[in-house]
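The values are calculated or read from the model by the stated rules, or taken from the named source; none is laboratory data. The model shown is predicted, which means the values in this text are computed figures rather than measured ones. Cβ coordinates were reconstructed from backbone atoms using ideal geometry, including for glycine residues, and neighbour counts include every protein chain displayed. The area values use the complete protein model at the heavy-atom level, side chains included, leaving out ligands, DNA and RNA. Shrake-Rupley method; radii C 1.70, N 1.55, O 1.52, S 1.80 Å.
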Amino acid sequence: MKGADLITEYLIDSKIPYVFGICGHGNVGILDSLHEARDRITLVSPRHEQVAAHMADAYFRVRHEAVATLTSCGPGSCNIVMPLALAISDSSALLAITANVPTSQFNRSPFQEINTHFQADFPNIIRPVVKRSFQPTRVDMLPLALRQATTTMLSGRPGPVNVDVPFNVFQEEDDVEVPPPSPPLNAQRSGASPDEIAACFDLILKSQRPVIFVGHGVTLSEASRELTEFAHRLQIPVISSPNGMGALDMIDPLALGFIGRNGAYPANEAGRRADLVIAVGARFDDRSASSWMPGYSWNFPQTKLIHADVDPGEIGRNYPPDIGVVADARTFLKQLLAEIDKRNPKREATKAWVADIRKWQSEWNDFIRPNFETHASPIRPERIVADCQAVLPPDAILCCDVGVSHNWYMQFWKARRPQTMLNSWGFSGMGFGAAGALGAKLAAPDRPVVAVTGDGCFTMVPHVLCTAVEYNIPVVWVIWNNFGWVSIRDIQLGMFGGREHGTMFYEGPNNKPYNPDFAAWARATGVEAITVTKSQDFKGALEHAIKANKPYLLDVHVDAEVRPPSTGAWQLPPTPYKEPVFGKRYLPDVAPAK
Ligand SMILES: Cc1ncc(C[n+]2csc(CCOP(=O)(O)OP(=O)(O)O)c2C)c(N)n1
Ligand SMILES: [Mg+2]
């Protein structure tokens, strides 16, 4: 069998329906195999490798099934470093097949070889952004490399892997067999020991102000049902990190939303006043922990901590737990549910706590409601979030980009189901929202997919429009157009005496705000588009775009001067942080518990 045919057959046996890839001389061998197999596996070829990898990342987040990317040697593969960093930061799986120079030319500096320190050295470029890189240099090495790569990709904490294939390995033949597909995500699950569960439950029963903090681990382990039952049975409120949003339906009264600087006030209020946090598949990064400053989002070690995660590296990274449990989220929650059945506890102790939470929720609602009802031009940010919420069905997928728009969605979006709000969180790479939406739509062709993307983010990957037309992928892009890199401008204004430099878009030297006419740009590619400048028009435009069921762009002019209210803090040392706008720091006056 030819090496390229073996790879293609392995992808097909592994039920990988798509390869998102871009050609180059290095990978023409496998393109020909994919042509042979084109009625069993589809090649989608976007206009930039970054887009290919964001598409694969988003596809995985929606379906929890991985697809492959294919890039050529040298520059094409270097273009996927950023999206792989993004994927590994958010534990998203994809199989990145990269091409390399022929083995017989290793170390001779042929066209596009990187060899400053080692022959055909792309694996070292990509090393920190994948779980593992494999470089099979003979066809007979491919079966093991493919099986190990896909197993590594989906086992434990998922993430991207790389198989780097020299040109001749696609082309040469050997007497090889297609290896068996690796187990799917969650085929093997880790769990807590009986002693750990008993100890966790004792802590839970002793607590009067418990909260659950869930992250991507809960989404990835598909533990939504168990989480909901556990929270309901013990009446424990749930705080979410971005990629945990929707694991508990966010209109549930126990759902407190996101925590951190621009989290929801009830989440920060509950986080800093809790006496026990049960963190499941969540990692306390700076943005969901108010930069670890006590009293804004959390109060460890005064607050007890149970921390369960599949990855032992996350347990105790930032807060040493009272009980650390290396366990898959769903198994852990199931084990806790079994313990409820066994002990049948009577829980009156948290009644006052739940009443406090109701009070914070209603204070927050009173504070934010007026702005949700305001019509304006340029449009107030809350309006966009509210109208999206009103128009999109609960199973619609929102693919969020980076920037001010994301801050607003973090604070106010109510994800109704897991895997419906895709966020570039850990690495926050611009372009994920605009590009990932294409992959999300291929993963869920019957559900509306809306990319919410800044004018800056969109301008990094505007060619996504071409791909949508070429492959008829009916994504709706909502461009949050505020004529600049406004999230960064606001940091700049806050830190440096109100001066702006390099963070807004101007036409020439006269400081006249500039952006391309995004709608005209879209039309030039064959995508329908509307410019929306008045808030009264947005809802109807979005309804129309979704109903059209074709690629559609809405260029929405949003007020750059309205900022999301901070309810926690974020610090970039050595610059001082700002106190919250709504709510305030709370430090318990008790000594740390022994
Ligand atoms: C690839 C990449 N480059 C730069 C940054 C730094 N960055 C974060 S947000 C941002 C501005 C985003 O601008 P826009 O999409 O217009 O969103 P806005 O903040 O204006 O809402 C920049 C430059 C990044 N996160 N990713
Ligand atoms: Mg902007």
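Projecting the Cα atoms of Q171, N318, N27 onto the charge dipole of the chain (Cβ charges, centred on the Cα centre) puts N318 farthest toward the positive pole. The mean sequence distance of close C-alpha pairs (under 8 Å, at least 6 residues apart), as a share of the length of segment 507-594, puts its relative contact order at 20 percent. Of the trypsin sites (Lys or Arg not before Pro) found in segment 1-46, those that fall in a DSSP loop while having at most 13 other beta-carbon atoms within 10 Å are K15, R38, R40. Normalised by the number of residues in segment 1-113, what is the relative contact order in percent for Cα pairs under 8 Å and 6+ residues apart? In percent, rounded to a whole number, it is 27. Our summary gives the chain a relative contact order of 14 percent, counting only alpha carbon pairs under 8 angstrom and 6 or more residues apart.
Dividing the summed -39500 (n - 2.57) terms of all DSSP H runs of n ≥ 4 by the residue count of the chain sets its mean residue ellipticity at 222 nm at -11000 deg cm²/dmol.
Looking at the chain only, what percent of DSSP beta bridges run antiparallel? Nearest 5 please. So the antiparallel bridges amount to about 5 percent of the total. When peptides 380-386, 90-96, 493-499, 511-517 are sorted by average Cβ neighbour count within 10 Å, with the highest value leading, the order is 90-96, 380-386, 511-517, 493-499.
Near W521, once Lys and Arg are set to +1 and Asp and Glu to -1 for all other residues with Cβ below 13 Å from its Cβ, the sum equals -3. Only the Cβ atoms of Lys and Arg (+1) and of Asp and Glu (-1) were treated as charged; on that basis the dipole of the chain about its Cα centre amounts to roughly 1720 debye.
Evaluated with a Cβ-only charge set (Lys, Arg +1; Asp, Glu -1), segment 102-151 carries a dipole of roughly 180 debye about its Cα centre, given to the nearest 20. Of the residues N515, G456, Q571, the one whose Cα sits farthest toward the positive end of the charge dipole of segment 455-594, with +1 on the Cβ of Lys and Arg and -1 on the Cβ of Asp and Glu, is Q571. Using a 1.4 Å probe over the heavy atoms of the protein chains, calculate the carbon and sulfur portion of the accessible area of segment 276-380 as a whole percent. The C+S portion of the solvent-accessible surface of segment 276-380 is 51 percent. Computed with a 1.4 Å probe over protein heavy atoms only, the accessible surface of the chain comes to 39 Å² per residue. Over 30 Å apart at the Cα level, from the set K304/K334; K512/K534; K539/K584; K414/K441; K304/K359, are K539/K584. Other residues with beta-carbon under 9 Å from the beta-carbon of A255 carry, at +1 per Lys or Arg and -1 per Asp or Glu, a net charge of -1. The residue among N482, Y586, N107 whose Cα reaches farthest toward the positive pole of the charge dipole of the chain, with charges on the beta-carbon of Lys, Arg, Asp and Glu, is Y586.
Across segment 307-315, coupling constants 3J(HN,Hα) worked out from phi with the 6.51/-1.76/1.60 Karplus curve, θ = phi - 60°, read 10, 10, 7, 5, 9, x, x, 8, 7 Hz, and Gly and Pro carry x.
Each of the peptides 45-57, 242-254 was scored by the mean count of other Cβ atoms within 10 Å over its residues; in descending order, highest first, they stand as 45-57, 242-254. In the frame of its principal axes, the chain has Cα extents of 71, 66, 46 Å, reported largest first. Considering only protein heavy atoms and a probe of 1.4 Å, how much of the accessible area of segment 9-102 is carbon and sulfur, as a whole percent? Accessible surface attributable to carbon and sulfur in segment 9-102 totals 50 percent. Here the Karplus relation 6.51 cos²θ - 1.76 cosθ + 1.60, evaluated at θ = phi - 60°, turns the backbone of segment 541-554 into coupling constants of 5, 5, 4, 4, 5, 5, 5, 4, 6, 9, x, 9, 10, 10 Hz, with x for every Gly and Pro.
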